[in-house]
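Data first, discussion second: the structure below is written as structure tokens.
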Amino acid sequence: MSADNICSWCNSTVESSLHVLRDCTDTGQLWGSVINTRYQRDFFNLRTIDDWISWNLKQGKKLEFQMNNGLFMVLCWNIWKRRNERIFEGKSRFNECIIAQAKGMMSCLERVQTKTSSINWYGNGIQNCDLRWKPSETSWVSLCVDGAFSMTMIRRAWEIRICQISRDANVAADHLAKQALDAWLGLHILSFPMESLGRCMDNTYTVNESRV
Ligand SMILES: [Zn+2]
């Protein structure tokens with residue numbers, strides 16, 4: 001955002017979130033090319049970003065809207081990314097490129113969903129485990145990852161449970177990830193837990209225990 005808050009791309013108005021994601025010149029044209037014309041009046045007339053996102057997520061369930069919820073969010077992310085690339089890197093992408101990349105990302109996600117449908121998920125599909133961190137059961141090993149995992153690893157002859165840990169419960173993992181920013185690339189095995197990690201685990205325990 002510029003010092004006077006005016007959009008640095010079109011120079012015509014204050015750069016609000018809604019302006020960046022929906023109304024700025026070529027972004028408006030992009031949406032116009034992917035949304036069924038019968039929905040466009042409502043789409044462009046909603047006044048707040050909250051109303052606009054809620055409305056889109058609701059419409060995204062209708063087939064004739066021409067855009068499902070996943071594609072809507074991925075397009076928003078790509079539009080935001082293009083805005084940052086323009087400002088900070090002096091690069092830009094045409095609408096056609098944004099749409100093609102968003103559709104490509106969606107088809108990758110669908111492929112991952114198909115591939116992982118054979119995994120023996122813990123319980124019924126991915127679900128939140130207990131909010132509070134706890135040690136693994138005996139003879140089990142816990143691995144915390146950021147959502148990326150290898151299918152080759154998963155397909156080995158061992159029993160796997162995959163579960164999602166909510167953001168509220170990952171203070172310790174978040175701390176470790178931030179520590180890793182200063183480390184060299186590669187596998188790091190800690191012989192002893194960092195002192196600072198103990199405090200994070202106490203916090204994780206305290207924060208989540210209060211919810212019980
Ligand atoms: Zn603009």
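The values are calculated or read from the model by the stated rules, or taken from the named source; none is laboratory data. Just so it is clear, the model here is predicted, and its values are computed rather than measured. No Cβ is skipped: glycine too gets one built from the backbone with ideal geometry, and neighbour counts run over all protein chains shown. Each accessible area value is taken on the protein alone, full model and side chains, heavy atoms only, with ligands, DNA and RNA left out. Shrake-Rupley method; radii C 1.70, N 1.55, O 1.52, S 1.80 Å.
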**OP:** Express in nm, to one decimal, how much length is gained between THR13 and TRP80 on full extension, taking 0.36 nm for each residue of separation and deducting their alpha carbon distance.
**Re:** 22.4 nm
Original post:
If we restrict to alpha carbons, what Rg and Dmax does the range 17-116 come to, in Å?
Top reply: 13.7, 40
Original post:
Given a Förster distance of 35 angstrom, what is the FRET efficiency for THR114 paired with ARG199, based on the Cβ-Cβ distance and rounded to 0.05?
Top reply: 0.25
**OP:** Measure off 7 Å from each Cα along the Cα-to-Cβ vector at GLU96 and PHE192, then give the distance between these two points in nanometres to one decimal.
**Re:** 6.2
**OP:** Could I have the simple spin-label model distance between ARG47 and PHE88, label points 7 Å from Cα toward Cβ, reported in nm to one decimal?
**Re:** 3.3
Subject >> Fraction of accessible area attributable to carbon and sulfur, the range 17-116 (%, probe 1.4 Å) >> reply: 56
Original post:
In this model, which of LYS62/LYS103; LYS58/LYS103; LYS61/LYS91; LYS81/LYS178; LYS61/LYS178 are farther than 26 Å apart at the alpha-carbon?
Top reply: LYS61/LYS91; LYS61/LYS178
Subject >> Surface accessible to a 1.4 Å probe, per residue, for the residues of the range 17-116, Å² >> reply: 59
